[in-house]
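Structure first, then comments.
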Amino acid sequence: MDIFQTAFLHRVVEALDQPSSFLLDTFFPKDQKSQTAEIYFDVLDNKPRLTPFVHPSRPAPVVSNHGYFAKSFRPAYVKDKRIFNPDAPLRRSVGEQIGGSMSPMQRREAQVAEALVDQLEMLTRREEAMAAEALLTGKVTVKGDGYPETVVDFQRDPALTVTLGSGAQWGDSGVKPLDDLENFAATIQDKSGSVAKTVVMSPATWKIFRQDQDVKTLLDRRAYMNIEGLNVEPIVRGQGNEKARNVGTIGDFDIWVYQDFYIDDADVKQKLIPDNTLIIAARGAPGTGKGGLEGVRGYGVILDEKSGYKSDRYFVKSWPEEDPPVRMMLLQSAPLTVPYRPNASMRVTVKT
């Protein structure tokens with residue numbers, strides 16, 4: 001029986017698998033729109049220096065400027081094309097009353113709108129996955145149909161990717177996770193000058209962490225998620241962010257538990273933050289990220305005449321084909337998540 005033609009319907013239940021944009025909103029709060037197909041970015045290499053002493057009668061020494069290295073990357077396109085079959089408007093839409101209450105053209109318009117929402121959700125999930133990779137590895141890997149695998153390396157210090165060894169892993173006798181957090185934050189400050197206060201754990205990491213007696217004593221549990229400046233706007237930004245739980249604070253560390261995933265091309269479930277892993281990073285000023293990771297969402301120009309060759313998060317167009325009579329819809333984007341201060345984040349595997 002085809003339920004979209006004649007069947008019964010008691011209730012439409014929305015799937016609870018909307019993508020979260022928690023990492024994007026937290027660590028990559030700003031957009032950067034390039035005027036070319038390439039995305040250009042400078043990676044800062046600041047060093048904490050002192051103004052030199054000199055005798056009043058001597059000329060001032062020349063002090064070199066802070067260093068940086070410039071890079072550019074032409075991102076692979078994100079493309080999502082949908083085909084709407086000609087007979088679909090004659091079939092009852094999801095949620096429409098039995099017997100039908102909409103005209104065929106109203107159904108077609110509703111189908112196109114629903115497809116666009118799905119396209120935007122998939123784009124958000126793609127950007128969130130890139131944000132996770134940048135935070136975990138200091139790199140973003142891009143590959144696709146006709147696009148050879150390319151690794152955009154932000155040259156994060158290797159000391160900021162750590163796997164704890166035997167006897168030093170969380171849960172081992174004598175290991176103090178709170179001391180480790182202090183050491184991780186000190187390493188980030190040593191490498192970047194940024195103060196890291198935000199800790200994002202996988203659920204498995206949180207289970208180990210909360211068993212520590214010192215954590216049990218000091219953890220200030222909070223009833224509601226409340227980080228100043230966190231974007232929670234609907235659909236495009238902030239959707240699905242209930243998947244991130246603010247479980248409390250210790251000192252000035254904000255502790256989050258985050259679980260989201262995607263299905264890869266091999267139909268395998270991939271967790272954005274692997275089990276027994278945490279990210280500790282500096283967010284910087286709320287809303288801007290200044291002083292922290294300074295992550296941005298970069299977008300290259302959409303190379304499509306109908307887009308006006310503008311740089312936007314995405315460009316969508318729809319058109320009818322005459323024979324066979326189908327409607328097409330295409331979403332295009334050229335995204336890249338960029339941490340301008342890559343040494344302001346650290347990935348730790350706390351147990352193997």
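What follows draws every value from the coordinates through simple rules; no lab data is involved. No experiment lies behind these values; they were computed from the predicted model shown. Using ideal geometry, Cβ is built from the backbone for each residue, glycine included, and neighbour counts are taken over all protein chains shown.
With the cut-off at 1.5 for a/c, could you classify region 95-210 from its C-alpha gyration tensor as rounded, prolate or oblate? Display every interim value, and only then the final one.
Values: a/c = 3.51, a/b = 2.10, b/c = 1.67.
Prolate, since a/c reaches 1.5 and a/b exceeds b/c.
At a 10 Å Cβ-Cβ cut-off, how would you order MET130, MET346, fewest neighbours first?
With the sparsest Cβ surroundings first, the list reads MET130, MET346.
Grab the Cα-Cα distance for TRP319 and SER173, subtract it from 0.36 nm times how many residues apart they are, and report the gain in nm with one decimal.
Answer, rounded to one decimal: 46.1 nm.
Based on the mean of other beta carbon atoms within 10 Å per residue, what is the order of 145-153, 201-209, 273-281, most packed first?
For the peptides 145-153, 201-209, 273-281, the packing ranking is 273-281, 201-209, 145-153.
Which GluC sites (Glu not before Pro) in region 280-350 pass both tests, a DSSP loop state and at most 15 other beta-carbon atoms within 10 Å?
Sparse-neighbourhood loop GluC sites (Glu not before Pro): GLU322.
For region 78-349, what value does the Rg/Rh ratio take when both radii are computed over Cα atoms and Rh is the Kirkwood radius, given to two decimals?
Rounded to two decimals, Rg/Rh equals 1.05.
How long is the gain from VAL326 to LYS81 if the chain were fully straight, where each residue apart is worth 0.36 nm and the alpha carbon distance is subtracted?
Additional length available on full extension: 86.9 nm.
Anything over 29 Å Cα to Cα? Flag those among LYS81/LYS143; LYS79/LYS290; LYS197/LYS243; LYS79/LYS197, in the order listed.
LYS79/LYS290; LYS79/LYS197
Applying 1/(1 + (r/R0)^6) with R0 = 22 Å to the Cβ-Cβ distance of VAL162 and ILE263, what FRET efficiency is obtained, to the nearest 0.05?
Once the sixth-power term is evaluated, E becomes 0.15.
How would you order 312-319, 28-35 from highest to lowest mean count of nearby Cβ atoms within 10 Å?
Ranking, from highest mean packing down: 28-35, 312-319.
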